[in-house]
Amino acid sequence: MWELSICVTSNNIDIAKFIYQTLKLHCEDYCAVVTCYEQFDSFFILWACPVEFRQSANVVIESCVIKAVCNFYKDRFLTENLHLPIHENISMTAFKKALINFDKETDIFLISKYLKLEKNLHLDSFYNFKLKPLRDKWGELVMLANENGEYLTSQEAFFDLLRFLIDNLEVVEDEINVFEEEDGYHIKTKSAPTLTKEGLVSSLIELCPKKINLFCQSDDNTAKFLSKIFEERVNVCYNKNLEKLDKFSVLK
């Protein structure tokens with residue numbers, strides 16, 4: 001059997017949950033066993049699979065670890081170091097998410113360069129010691145934003161920068177349908193998880209689609225905000241138009 005232990009400190013419970021739940025999805029593919037436990041103020045995620053599956057499983061685990069660093073650690077780094085004029089919450093959520101995804105290809109390359117999965121991986125130590133070049137890169141981006149903080153007090157300047165960042169993100173999806181329900185927003189289908197306004201904006205920036213079909217109950221600020229940051233990519237259809245559009249494949 002090939003065994004691997006991934007450790008994070010207890011204050012990183014969200015990271016531990018993400019890694020455990022992601023790897024759990026691949027257990028059947030590699031005849032693997034995944035478990036998680038807490039000990040000595042740390043969470044341990046343990047993976048075990050037959051040796052013949054090690055190479056292919058290694059690819060999946062590396063991808064999971066890279067995503068954890070790119071999303072969770074970078075989010076914390078930005079939160080601790082980004083000092084900009086206060087904007088409404090949805091604007092700052094969008095801005096931080098755009099920074100997280102900006103130049104992600106280079107982030108992935110740097111993490112892959114130093115990541116070696118042997119028997120034990122202490123993720124916090126790996127981040128703090130091995131990934132200094134990555135943090136330096138993020139620091140340059142934050143410093144540039146902070147130095148222009150006074151300029152970004154202007155709503156127009158702030159949104160110009162936000163649109164620039166989004167326009168330079170890699171497109172993940174060609175077209176996405178979003179439905180507004182009484183309990184929140186659902187991407188693609190009405191059975192999808194419910195999202196808040198901030199969650200919707202964050203998810204759409206992550207997916208960065210070429211086209212967004214937004215079906216709204218009313219003319220609210222979410223539609224206006226998405227149209228402002230995605231511009232011509234957004235197609236807004238309000239409740240009064242849903243009956244006419246029901247026959248179209250976009251709702252199927």
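Structure notes:
- In the chain, the calculated helix contribution to ellipticity at 222 nm averages -14000 deg cm²/dmol per residue, counting -39,500 (n - 2.57) for every DSSP H run with n ≥ 4.
- Note on the range 109-178 and the range 13-39: Cα centroid distance 25 Å, given to the nearest whole angstrom.
- Calculated from the alpha-carbon coordinates, the range 2-144 shows an Rg and a Dmax of 16.3, 54 Å respectively.
- Extension gain from residue 144 to residue 115, taking 0.36 nm per residue of separation minus the Cα-Cα distance: 7.6 nm
- Taking the charge dipole of the chain about its Cα centre, with +1 at Lys and Arg Cβ atoms and -1 at Asp and Glu Cβ atoms, the residue from 73, 49, 127 reaching farthest to the positive side is 49.
- Which labelled figure in [x] 132; [y] 187; [z] 148 is volume of the Cα convex hull per residue in Å³, once derived from the coordinates: [z]
- Summing charges over all other residues whose Cβ lies under 11 Å from the Cβ of residue 114, with Lys and Arg as +1 and Asp and Glu as -1, gives +4.
No lab work stands behind these numbers, since they all come straight from the coordinates. What you see is a predicted model; the values in this text were computed from it and never measured. Positions of Cβ are backbone-derived with ideal geometry, glycine not excepted, and every protein chain shown enters the neighbour counts.
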